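Beneath this line is the structure, given in C-alpha cells, with notes to follow.
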Amino acid sequence: MVFNMAPGTFGAIAVWTGLIGSILTIVAYVAILCSPDSERRMRLIARGLYALSAAGVLTAFSTLVWIVYNRQYQYAYAFEHTGNDVTNLWYRCAATWSGQEGSFLLWAVWTSIIGFMVIARAGKYESRVMPFFVSVLAFLTAILIKQTPFLHFLTVHRDWPSVPTDGTGLTPSLQNYWMTIHPPTIFFGFASLAVPYSYSIAALIWKDYKDWTTRVMPYTLLSCATLGLGLFMGGYWAYETQGWHGFWGWDPVENASFFPWLAITALVHGLVVQKSRGGMARTNTFLGILAFWLFLVGTFLTRSGALASKAADGQLLSVHAFDNISKSGLFWMQTMLAAYGIAGLVLWIARLRSMPTRKTTGDTLLSRDFAFFLAMLLMLIACAVVTLGSTTPLFLSWTHQPPSQPQATFYNKVLLPLTMIAALAMGCVPWLAWRRTDPEKFLRKLMIPWFVMLAFGFGMLFWVQNAERGMAASVDPQTLSDTMHHWISPGIQRICVVMLTSLGFLAALSNAILAFRVFRTKPLAAGGWLSHVGIGILIIGVVVSNTYEQTQLLTLDESEGPQTVFGYKFSFEGMTGTPKAGRPLNPEYDLANTVKLRLTPPGADNAPSDGGPRTFLMEPRYFVPKPSIPAEAEDKIEPMIWPSIQKYVGHDLYVGIASAPEPYMHVLTLNPGEHKQVGPYDIFYLEGEVKPMDYFAAHLYIKTEDGKVFTAQPGIMFLRDAQGRPVRGEMGQPLMYKVDETIPELKDEQGIPGGIILDNMVPGSRQVKLAVSLPGIATMWHVPLAVTYKPGVNLVWTGVLIAVSGALLAMMRRMREARRDPNGYTVTDPEPDGD
C-alpha cells in the first residue's frame, strides 16, 4: 500500500513523523533528567525516537528530491522551481533547495545529521543538551507542515484548468555549479550553531560553567570553519555570475551569514581563553546563545519579505531574498525567534550573579589575555554594526516607512578603524604571554617582523602611487566598486591603504612564523595561528582589490576592428546566439549563449611564434531568460549578464557586457563606379543623384551568386511641410529621413525581404555609405563592454581558504582533547607562544 501512495502524501507523512518523533525524543530525554535511575533504558528509547525523527526528515527530503528531479509538475514546488529546460543532473537536484520550503528541509536534514554527532560525543551531557537541540528539529518540521513543499499544483493554482507539462524553470543565476555546493555548505554551518546554543543553555541550567568547554569547542570551530567557507563560496559565486565586479556588496542577505560568523568566531576566542586561563563563563554562555539567535534573526530577515521590496530609487534591497513566507510559517519563525532569544536571555540574566568571575584582561595591556579580550570586543562591535545595518529594512517595514538600507560606505567607514586595530593585535599576539609579558622580551621578538613589515609598507607606498597614476589615466567614473576614494581624500586614502595592508602583512608574517614553529612539534596546535595568517592575507587582498581596481567602458564595433584596454587588445569574433526582431539575442533561452572575444595580452604581438599561445578567448554571457510565467511579456524580462574572468597570479581581468549588444546592418563605403563583394552579393555603385534641398539617391546593381541582377535606389529625402517648404530643426538645419530600398525578390527563410539603406552621401564626390541587410549576410554588432582590472583579488580567496584550513586543523585538535576526556573535564593545553 505504501508503494501505491502518492509521493506528496508520502513526503507529508514523513514530515509528520519527524515532528512527532522530535517531540517524543524531547519527552524521553526529559524523563531521563527527572528519573536518573532509568537512564540506561530511557536513553536507548530516546535515541531510537531520535532516529525515527531523523528518518522522517531524511525521507521527506529524499521524496522532494525525487519529485523535483523527475519533474513531477502535479506538485506546485516542482512547477515553480524546475522545468524541462533544466537538463543538467546536478542542477535538477539543486532545484530542491532553491525555494523556501526546500531550504527549510535542507536545514532540517543537516540538523538531524548533526544530532547523531552530538549523541555520539556528548557523554554525560547527552540528556542535558539533546532536548534543546531536538527542539530545533521540532520547530523546523512544524514549519514544513504549514509551509509544505508537497502541495498539489491545482490546490495552489486554482485558476489553471489542468496540470502543466512544463515548469517555470530554475532561475538562470542558480544554474551554476556553486548552487550545488554553496547552500548545503552554508546550511550545514547554520545548523551546527544549534550545538553551542544547546550547550550554553545546559551549562546555565546545571551551573556547569567549566567542563562544557571541552565538548562544545569542536562544534564551535566547525561552525566557524563551515560558515567561513560558505561565505567564501557565496562571494566567489557572486563574483563569477553577478557581473558587478565584486565579491561582497554588503547585501543584507550576505550580512545575514556574516554577523553569526562574527559571533561564533568571538566565541572561539572566548573558549580558548576559558580553557587556558579560566573565567569568561558569562561571556561564552552569552555568545553561544547570541550566535544561534543572530542566525535566526538573519533567517527571519531574508524570509519575511522585507528584503524582497524595492527602495525609493527603484533598486532591490537584496538580490538574494526570498518572497514572503506564508502566515503560518511566519508565525513559527517568529515563535522560534522569540523562544530561543527570550528564553536564552532570561536564563542568562537569572544566572548572571551566580556565574564565577575572573579577570580575563591580563595584568597589563601587554598580555595575550588582553589581546584576546580586544579581539572579542572588536568582533562584537562589528557584529552589532552589521546586524543593526542589515535589519534596518525590517524595522522600517514594521513602522510602515519607505524601505531603505545603509550604503556600503556606512559599513566601510565604521569597520575601517576596527580592522586596523584587529590586524595590529593579530600581528602582536604570537609574541605575547598570558597575564603579563616582559616588554623587552616582547620587543625583541617583534623586531624582525616589524622591520620586515616596514619594508613591505615602503614597497606598498610605491605600488600605491603607481596604481593611483594608472587610475587617474584610465579609471572610468562609472566604476561599480565602492572604493575608499569615494568618501575620503586621496591623501588619507593612501595612508589608510598602506597602514591596512602593512598591518595585514604583519599579522600574516607573525602568525606564519609561530605556526611554522608550532607545526614542527604539535601540528594540530598550529591551526589557530594558521587562521590568523589567512585573515592577514585576506585583509591585504580586500583592500588592494577594492581600492585599486580600474574599470573602462568600451564598445567593440565589428566593422571597426580591435581596441586596446589595459594593454589587452580586444577583438570581437561573433555571437553564439541568433538576433531576432524585438529582442537583441537568443530567442531559444540558451544559457550557454556567449559573446566571443579574442584577446591579445600585452607584449604578445612581439612574442616569438614558438613561445606558446599568443591570444586567448573570453566569453562573457548575455541572454534573455525564459519567462517565469508562460504568459509574461518577453520585452519585460531583464537580460542576464554573466562575466568572463581571466585569472593571473597578481590580478584578474574581468569582462562583462555593459548593456545589450546591438545588431546592425553591414556597412560599406563606395565611390561612383566602384563595386564590392558583400557575402554572396556583388554590389555595384553606378552613380549618385542629387537634387538640392530635395533628395540624394544612389543607383545600385546587386548581382547574386547565380548571376541574377537586381537594381536598387536607396535615398535620403528632405522633410517638407504642407506648403512644400523644407522643415528645419532647432538649430536651423533641414530635417531629412532615409528611404530604404526593399528588394522583394531577395527574401530570408522567414519571408522577410532584404534591403539597402543610404546612410550618407558626400555631396562633392558623391561617395556613399550604405547599410546592407540581405539574406546570407551576417549581422554586424556593437558590443558595449565593461572591462575591469582587479589587482590582488586572488589574495582574498587564498586568505579565506587558509583561514578555514586553520580552523579545521584546530577542530581536529579539540576533538582529540574531547576523546581524551570522556567525562567532560577540561584538559589543560595552553596555546603555545613565540618561545
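The values are calculated or read from the model by the stated rules, or taken from the named source; none is laboratory data. All values derive from a computational prediction rather than experimental measurement. Cβ sites come from the backbone with ideal geometry, for glycine too, and all protein chains shown count toward neighbours. Please note that ligands, DNA and RNA were not included when accessible areas were found on the heavy atoms of the full protein model with its side chains. Shrake-Rupley method; radii C 1.70, N 1.55, O 1.52, S 1.80 Å.
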Checklist entry - Counting only the backbone N, which residues of the range 102-137 are under 20 Å from the spot 7 Å out from the Cα of Ser354 toward its beta-carbon? => result 125-132
Checklist entry - Between Glu662 and Tyr236, what length in nm is gained on full extension when 0.36 nm per residue of separation is reduced by their alpha carbon distance? => result 150.4 nm
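Mind checking the full-extension length gain between Ala55 and Ile205? Use 0.36 nm per residue of separation minus the Cα-Cα distance, one decimal, nm. Display every interim value, and only then the final one.
Values: separation 150, 0.36 × 150 = 54.00 nm, distance 3.00 nm.
Full extension from Ala55 to Ile205 adds 51.0 nm.
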Next on the checklist: At 7 Å along Cα-to-Cβ for each site, give me the label-to-label distance between Ile777 and Glu674 in nm.
Outcome noted: 1.5 nm
Next on the checklist: Treating only the Cα positions of the chain as identical point scatterers, give the base-10 log of I(q)/I(0) from the Debye formula at each q in 0.06, 0.10 Å⁻¹.
Outcome noted: -0.52, -1.16
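Write out the chymotrypsin sites (Phe, Trp or Tyr not before Pro) in the range 138-237 meeting two conditions: DSSP loop, and at most 15 other Cβ atoms within 10 Å of their Cβ.
On the way: sites: Phe139, Phe150, Phe153, Tyr177, Trp178, Phe187, Phe188, Phe190, Tyr197, Tyr199, Trp206, Tyr209, Trp212, Tyr219, Phe232, Tyr236, Trp237; in loops: Phe150, Trp206, Tyr209.
Listed in order of number, the matching sites are Trp206.
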Item to check | Leu347 versus Arg41: modelled label distance in nm, points set 7 Å from Cα along the beta carbon direction | outcome: 2.8 nm
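Return the inverse of the average 1/r over all pairs of distinct C-alpha atoms in the range 668-754, which is the Kirkwood hydrodynamic radius, in Å to one decimal.
That comes to 15.0 Å for the range 668-754.
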Next on the checklist: Over the range 165-276, what portion of Cα pair distances is larger than 17 Å, expressed as a whole percent?
Outcome noted: 61 percent
Checklist entry - In nm, to one decimal, how far is the Thr615 label point from the Glu687 one, both placed 7 Å along Cα→Cβ? => result 4.4 nm
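Can you compute the charge dipole magnitude of the chain about its Cα centre, using +1 on each Lys and Arg Cβ and -1 on each Asp and Glu Cβ, nothing else charged? Give it in debye, rounded to the nearest 20. It would help to have the intermediate numbers written out before the result.
Details: 63 positive and 59 negative charges, 913 e Å.
My answer is approximately 4380 debye.
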Item to check | Separation between Cα centres of the range 8-38 and the range 433-466, rounded to whole Å | outcome: 57 Å
Next on the checklist: Just to make sure I understand: if all protein chains stay in place, what is the order of Tyr737, Tyr681, Tyr91 by accessible area at 1.4 Å, largest first?
Outcome noted: Tyr737, Tyr91, Tyr681
Next on the checklist: Kirkwood Rh and Cα-based Rg: tell me the resulting Rg over Rh for the range 49-107, rounded to two decimals.
Outcome noted: 1.02
Checklist entry - At a Förster radius of 60 Å, what calculated FRET efficiency corresponds to the Cβ-Cβ distance of Arg820 and Lys596, to the nearest 0.05? => result 0.50
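For the peptides 25-31, 564-570, 452-458, what is the packing order when you average, over each peptide's residues, the other Cβ atoms within 10 Å and list the highest mean first?
Numbers: 25-31: 20.6, 564-570: 17.0, 452-458: 15.3.
Result, highest mean Cβ count within 10 Å first: 25-31, 564-570, 452-458.
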Next on the checklist: How many angstrom lie between the Cα centre of the range 254-302 and the Cα centre of the range 92-147?
Outcome noted: 20 Å
Item to check | Ordering of 742-751, 768-777, 14-23 by burial proxy (mean other Cβ atoms within 10 Å per residue, highest first) | outcome: 14-23, 768-777, 742-751
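What is the mean projected area of the alpha carbon convex hull for the range 87-140, to one decimal in square nanometres? Intermediate results must be reported in sequence, preceding the final value.
On the way: hull surface 17.5 nm².
Projected over every direction and averaged, the Cα hull of the range 87-140 covers 4.4 nm².
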Item to check | Heavy-atom surface of the range 1-115, accessible at 1.4 Å and reported per residue (Å²) | outcome: 44 Å²
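Which of the trypsin sites (Lys or Arg not before Pro) found in the range 107-170 are in a DSSP loop and have at most 12 neighbouring Cβ atoms, other than their own, within 10 Å? Present the calculation step by step, with values, prior to reporting the outcome.
Working: sites: Arg121, Lys124, Arg128, Lys146, Arg158; in loops: Arg158.
Answer in residue order: Arg158.
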Next on the checklist: Roughly how far apart, in whole Å, are the Cα centres of the range 328-374 and the range 727-754?
Outcome noted: 75 Å
Checklist outcome for this item: Hull surface over four for the Cα convex hull of the range 340-394, reported in nm², is 5.5 nm²
Item to check | 1.4 Å probe accessible area per residue over the range 669-718, in Å² | outcome: 52 Å²
Checklist entry - Label 7 Å along Cα→Cβ of Arg435; the range 508-541 residues with amide nitrogen under 11 Å? => result none
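Using a 1.4 Å probe on the protein heavy atoms, what percent of the accessible area of the chain belongs to carbon and sulfur? Mind dumping the intermediate values first?
On the way: 22620 of 36970 Å².
On the chain, the fraction of accessible area on carbon and sulfur atoms equals 61 percent.
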Item to check | Whole-number accessible area per residue in Å² for the range 207-308, which is evaluated in the context of all protein chains at 1.4 Å | outcome: 20 Å²
